[in-house]
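Please read the structure below before turning to the comments.
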Amino acid sequence: MPIASSPRVPELSEDGQLTSRDRTLSVRIPKGIRPGQQIRLAGQGGPGLGGAEAGDLYLAVEFRDHPLYSVEGADIYLDLPVAPWEAALGARIEAPTPSGVVDIKIPANSTQGRKLRLEGRGLIGKRPGDMYVVLQVALPPADSNAAKTLYKQMEDQLGFNPRAAMGVS
């Protein structure tokens, strides 16, 4: 993907003062590049002393934050909201990936934070990364009488205590 870069280049003015000027370069970012890696642009750095050739320019690669995805090494992570019934009963749902929407299977009895691995769908490179879909159980709001009634029925019929393993009620 080409991008424009504007490094500041030092140069001597006519009166011998050191100044700098902006210079725009078109740079091709190689596929599979990782945060923290550098891109070397041979001969694009500052001029050498005493008329020597220009040095090399190094660009440090950083990734901007994305609203959906985070990157760890070559792996991509997505926090995916699921309804309680999708987590409890299992479901087939759509999930966004950087290369498009995919269908994924939510196994029955999934819990908050469960990671589903999409092999080879991470950053590309010599060894492609994976994509991890991390389930985030989203509760429907109790903002209507019908919703409150359903929550009360669940409380009465399920007898569920999420703190039972802690010895408290």
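Just a few scattered comments:
- Identity of the residue in region 1-39, closer than 17 Å to ARG64 by Cβ, modelled with pLDDT of 80 or more and part of a strand (DSSP E or B), that ends up farthest from the chain's Cα centre (by Cα): VAL27
- Residues in region 66-103 that are part of a strand (DSSP E or B) and in contact with a Gly (Cβ under 6 Å, 6 or more places away or on another chain): ASP75, ILE76.
- Condition check for ILE93: without any contact (Cβ under 8 Å) to a residue 60 or more places away in the chain, farther than 30 Å from GLN37 by Cα and β-branched (Val, Ile, Thr): yes
- Scan of region 115-153 for residues that are of a type in the set (A, V, I, L, M), within 30 Å of GLY32 (Cβ to Cβ) and in a strand (DSSP E or B), ordered by number: LEU116, LEU118, MET131, VAL133, VAL134, LEU135
- Taken over region 154-168, the criterion of being surrounded by 10 or more Cβ atoms within 10 Å (Cβ to Cβ) and part of a loop (DSSP other than H, G, I, E, B) is satisfied by ASN161 alone.
- Residue within region 112-122 that is of a type in the set (S, T, N, Q) and farther than 30 Å from LEU158 by Cα present: no
- Selected residue (only one of GLY125, GLY100, GLY129 is loosely packed, with under 13 Cβ neighbours inside 10 Å and outside the structural domain of ILE39 (by TED's automatic domain parsing)): GLY100
- Looking only at residues of region 36-55 that are out of contact with any Pro (no Cβ under 7 Å at 6 or more places or on another chain) and surrounded by 13 or more Cβ atoms within 10 Å (Cβ to Cβ), we find that the one that is nearest to TYR132 (Cα to Cα) is ILE39.
The values are calculated or read from the model by the stated rules, or taken from the named source; none is laboratory data. Keep in mind that this is a model prediction, so the values were computed, not measured. Virtual Cβ from ideal backbone geometry, glycine too; neighbours counted across all protein chains shown.
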